[in-house]
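One structure is given below, encoded as structure tokens.
The values are calculated or read from the model by the stated rules, or taken from the named source; none is laboratory data. What you see is a predicted model, and the numbers here were worked out from it, not measured in a lab. Quick reminder, even Gly has a Cβ in these numbers, built from the backbone with ideal geometry, and neighbours come from all protein chains shown. Each accessible area value is taken on the protein alone, full model and side chains, heavy atoms only, with ligands, DNA and RNA left out. Shrake-Rupley method; radii C 1.70, N 1.55, O 1.52, S 1.80 Å.
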Amino acid sequence: MRRVLLAAGVTVAVTALAAGCSSSAASSGSGSSSGGSSSAPVTLRLGFLANITHAPALVALKEGFFAKDLGKNVTLKTSVFSSGTQETTALLAGQLDAAYVGPNPAINAWQKSSGKAIKIISGAASGGAALVVKPSISSASQLKGQKVATPSLGNTQDVALRYWLKQHGLTTTQTGGGDVSVTPIKPNSDAVLEFKSGQIAGGWEPAPYDAEMVADGGKELVNEASLWPGGKFVTTELVVTQSFLKAHASVVSNLLKGQVESVKYINANTSAAETSANAELTTLLGKGLKSSALAASFKEITFTNDPIASSLATDAKHAVAVGLLQPVNLNGIYDLSPLNAVLKANGEPQVSP
């Protein structure tokens, strides 16, 4: 069963199913785990966002990689969220077993659970986020007194914007006060509409929404990649709950097979991957992206299984600096051994935390 979680938290059933997905299944974690064996029926509840930065999930669903690699004894139930903050809530509430999330939601889930809720098991995407503003704005100082959108309070782009503004001597508050009114707008598509109508001066948004703002007359003031050494930073990673990993290790391994297969497909067949991701978005949302925004989004993202661990620690420091996170010890947040086993079997380079 495919479920779409809208900004208001309403769950809407989508009639079109991904290849191999079934609407009839036992509850998650049902059946004997038998030391992590996937021989018994298992339901895997997977969350992701309707963003191009989450294309590995979109493509894996559309091309049937998850269905093939998980096998017929695993029922995959997917839920689409409007922000990583919502995914964190669902993970901590026991409503998801795994999720594609940004670094800051993963950090938040780790901290709020005292390191007991999740493990990061793979990267998915690097890049693909930017601050897009009105053409008349050419510097940070011109944002003073303006309203700028982010996907949600404390999400990855929200932290990036607040930290960048702080570096330029501009203040923000969690309630939209300060020199620049940082305003979380959900879903992201609404931020695009508000920018087009002139209600906001811009937004720090993930692809494809940054590209859509540019298409609507906006100017890219900051490409987030320009702020990182070598332009490399984690935008999306795959996390799993520790309880599911312990009970169903082989299912997690097979999920990672689908992730690795999807990234390989995207990097080898960009045009086909764009079509596949857009078709999945159309199934989920009722409409896809314009070809120009789609191509622009893929161009600014590097799809990779590497979680780029060094950037996660920096993300945490930035969140602390802007008052959205207490200092946190991230030791143990990664478990990349299942991913490296899959990569080794495929003859691909292994990654390290």
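Inter-label distance, Gln174 to Leu227: 2.0 nm, where each label sits 7 Å from its Cα along the C-beta direction.
In a DSSP loop and with at most 13 other Cβ atoms within 10 Å, the trypsin sites (Lys or Arg not before Pro) in the range 84-134 are Lys116.
Report the gain in length on full extension from Gln167 to Ala313: 0.36 nm times residue separation, minus Cα-Cα distance, nm rounded to one decimal.
50.8 nm
Centre-to-centre, using Cα atoms only, the range 34-83 and the range 141-171 are separated by 33 Å. Ignoring lysines fewer than eight residues from Lys317 along the same chain, the ones with Cα atoms less than 18 angstrom from its Cα are Lys112, Lys166, Lys232. Protein heavy-atom accessible surface, 1.4 Å probe, per residue over the chain: 39 Å². Here r is the Cβ-Cβ distance between Leu193 and Glu348 and R0 is 25 Å; the resulting FRET efficiency, rounded to 0.05, is 0.05.
Centroid-to-centroid, using Cα positions, the range 191-243 and the range 264-303 are 16 Å apart. Given +1 at the Cβ of Lys and Arg, -1 at the Cβ of Asp and Glu and no other charges, the dipole of the chain around its Cα centre is 460 debye to the nearest 20.
The string of couplings for the range 43-50 from the Karplus curve (6.51, -1.76, 1.60, θ = phi - 60°) is 10, 10, 9, 10, x, 6, 10, 7 Hz, one whole number per residue in order, with x for Gly and Pro. Can you list the lysines whose alpha carbon is less than 20 Å from that of Lys116, not counting same-chain residues fewer than 8 positions off? Counting by Cα, and skipping residues close in sequence, Lys116 has these lysines nearby: Lys246.
Based on C-alpha pairs under 8 angstrom that are at least 6 apart in sequence, the range 31-127 has a relative contact order of 32 percent. Would you calculate the separation in nanometres between label points at Lys290 and Thr275, each defined as 7 Å from the Cα along the Cα-to-beta-carbon direction? For the pair Lys290/Thr275, the computed spacing is 2.2 nm. With the simple model of a label 7 Å out from the Cα in the direction of the Cβ, Asn267 to Lys72 spans 3.3 nm.
Could you check what % of the DSSP bridge pairs in the chain are antiparallel, to the nearest 5? If we restrict to bridges inside the chain, about 55 percent are antiparallel. Between the labelled values [x] 64, 52, 29; [y] 61, 47, 42; [z] 60, 42, 39, the entry that holds Cα extents along the principal axes in Å as derived from this structure is [z]. Ignoring lysines fewer than eight residues from Lys186 along the same chain, the ones with Cα atoms less than 22 angstrom from its Cα are Lys134, Lys147, Lys196, Lys219, Lys287, Lys290.
For the range 206-328, which whole-number percentage of the solvent-accessible area (1.4 Å probe, protein heavy atoms only) is attributable to carbon and sulfur atoms?
53
Once you order the gyration tensor axes a ≥ b ≥ c over the Cα atoms, which shape class does the range 254-353 get: rounded for a/c under 1.5, otherwise prolate or oblate by comparing a/b with b/c? Taking the square roots of the gyration eigenvalues as a ≥ b ≥ c, the range 254-353 is oblate.
Computed over the chain with a Gaussian network model linking Cα atoms closer than 10 Å, the most mobile of Thr53, Thr241, Thr150 is Thr241.
P(r) for the range 91-147, from all Cα pairs and a bin width of 5 Å, is 4, 13, 21, 13, 8, 11, 11, 12, 6, 0 %, short bins first.
Candidate membrane-span-like segments in the chain, meaning DSSP H helices with Cα atoms spread over at least 20 Å of their own axis and a Kyte-Doolittle mean of -1.0 or above, are 249-268, 270-285, with no membrane implied.
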